[in-house]
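Here is the structure we will look at.
The values are calculated or read from the model by the stated rules, or taken from the named source; none is laboratory data. Computed from a prediction, not measured in an experiment: that's the story for all the values here. A quick note on method: Cβ atoms are made from the backbone with ideal geometry, for glycine too, and the neighbour counts reach across all protein chains shown.
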Amino acid sequence: MNDEKSQRRHARIEIILKVEYDSSEGFLADYAKNASHGGIFIATNRNFAVGDKLSFDISFPGLLEPIRCHGEVRWQRPPVKATEEKPAGIGVAFEFKSDEQKRQIEELVKKLDQEDSEDAGQEPPFRVLVAEDNPLVREMLRFGVRKFHRTGPAAGRELEVIEAENGREAWEQISGGVADLAIIDYYMPVMNGAQLIRKIRETETLQSLPVIVVSVGGEEARQDSYAAGADLFLDKPVLLGQLFSSLRRLLGLQQQAGG
Amino acid sequence: MPGKRVIVVDDSEVVLLMSSAALQSAGYQVKTLMRWEELDGALKDFRPDLILFDVNMPEMYGDFALMFFKEERNITDIPILLYSDIDVGELEQRAKDCGADGFVSKTWGVERMVEVVGEHIASKKEA
């Protein structure tokens, strides 16, 4: 496993897998990517809702028996938001019905990991959540992340910035367990930063997600953020150099912990 | 410099009042803004010849915002100066680090600010 992957709690493997649902529609052209021990991304134009329960089989060339899977839809990228690089689809968190099922998935991910390494396959994107309700500040943070990424520890990977204007929207986008870093504003409507972090830490696949909180809230926001499980807290106004050093520190620590 | 346009971004109403009064006395047209969010619209509608950025602004420091606006809004032909009362040495370094076209210390007084603004606009005209 290389350094970038070792930053993740569960290495995510990008490979095309066939997906067949338990539905009357028979075989579908949907496919899956980014499998990890925690979940899978299924590219699909079908209309799913967050919270939908799915039962499906996944298979790929060389695998004799399809693997039976169950899971819950944690986030969705609808066709209107899809691009060529980022197809429409859903993030599904696995729900294991038995130890045997869990073992099968672990074996599959291990096998795919080996093939991925042998084949020097494409690295998964470095996914950063930026949750901030002020659109211009969100854009500034995204700018900072992009600048950092050019020379950061994951510079070799494509950067994907996931933007959300409140905690609930952020949760819908990352609850499938596919993120490498989160920058979260403390004061947001609908669900604030601390509530979002609590949900993140309650989710097995996101427990080790590096989280930085930014806020004008001072000491109270700082304490609440750390109590919820934030790794770092930055006071607003934010200094670009301070953001960079915090990201370096956090990702450096992650790398050391993982490797 | 009659007719030239200057935007001053600062969260202090007092600084905005004093700065705009001094610039207007020297013949400048002035637009004052208290938030970064107002700058996009002002760039389009007011078309400034120079912009002053306060450093200690809410949400994002002026030097972070300066890099952002220069790169993301592709501002290459409008000088942007950092404008602050922090230590002059620190201000000079921060202006250099963020790629500002210059800096003005508030401790120099508004008369000197007007002179520096004039020097930058004149040098841009010559270029």
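Is there a residue being away from chain A (no Cβ under 13 Å), farther than 20 Å from A:PRO237 by Cβ and touching a residue at least 12 places away in the same chain (Cβ under 8 Å) anywhere in the range B:96-105?
Among the residues of the range B:96-105, at least one is away from chain A (no Cβ under 13 Å), farther than 20 Å from A:PRO237 by Cβ and touching a residue at least 12 places away in the same chain (Cβ under 8 Å), which makes the answer yes.
Given the conditions (1) within 12 Å of chain A (Cβ to nearest Cβ); (2) surrounded by fewer than 16 Cβ atoms within 10 Å (Cβ to Cβ); (3) not small (Gly, Ala, Ser), and given that B:LEU17 satisfies all but one, which numbered condition is not satisfied?
(1)
Of A:ALA230, A:ALA221, which residue is in the same structural domain as A:LEU141 (by TED's automatic domain parsing), farther than 21 Å from A:ARG142 by Cα and crowded, with 21+ Cβ neighbours inside 10 Å?
A:ALA221
Kindly indicate whether A:SER246 is part of a helix (DSSP H, G or I), within 14 Å of chain B (Cβ to nearest Cβ) and small (Gly, Ala, Ser).
Considered against the rule, which asks whether it is part of a helix (DSSP H, G or I), within 14 Å of chain B (Cβ to nearest Cβ) and small (Gly, Ala, Ser), A:SER246 comes out as yes.
Confirm whether A:ALA155 is of a type in the set (A, V, I, L, M), touching a residue at least 12 places away in the same chain (Cβ under 8 Å) and more than 14 Å from every other protein chain (Cβ to nearest Cβ).
In short, no.
Return only the number of the condition from (1) away from every other protein chain (no Cβ under 14 Å); (2) more than 22 Å from A:ILE90 (Cβ to Cβ); (3) out of contact with any Gly (no Cβ under 6 Å at 6 or more places or on another chain); (4) at pLDDT 90 or above that A:GLN195 does not satisfy.
In the conditions (1) away from every other protein chain (no Cβ under 14 Å); (2) more than 22 Å from A:ILE90 (Cβ to Cβ); (3) out of contact with any Gly (no Cβ under 6 Å at 6 or more places or on another chain); (4) at pLDDT 90 or above, A:GLN195 misses (3) alone.
State all residues of the range A:195-224 that are closer than 16 Å to A:ASN166 by Cβ and of a type in the set (S, T, N, Q); if no residue qualifies, say none.
Result: A:GLN195, A:SER215.
Hey, can you tell me all the residues within the range A:52-75 that are modelled with pLDDT of 75 or more, in a strand (DSSP E or B) and not hydrophobic (A, V, I, L, M, F, W, C)?
A:LYS53, A:SER55, A:ASP57, A:ARG68, A:HIS70, A:GLY71, A:GLU72, A:ARG74
Write out, first by first residue and then by second, each pair whose Cβ atoms fall under 6 Å of each other, whose residues are 6+ apart or on separate chains, and whose first residue, in the range A:132-145, is more than 7 Å from every other protein chain (Cβ to nearest Cβ) and farther than 10 Å from A:VAL161 by Cβ while the second is of a type in the set (D, E, K, R) and crowded, with 20+ Cβ neighbours inside 10 Å.
Every condition considered, the pairs that remain are A:GLU132/A:ASP185.
State the number of residues belonging to the range B:46-72 that are within 10 Å of chain A (Cβ to nearest Cβ) and at negative phi.
16
Just checking, how many residues over the range A:180-199 are in contact with a helix residue (DSSP H, G or I) (Cβ under 7 Å, 6 or more places away or on another chain), in a loop (DSSP other than H, G, I, E, B) and either among the charged types (D, E, K, R) or within 16 Å of A:PRO210 (Cα to Cα) (or both)?
1
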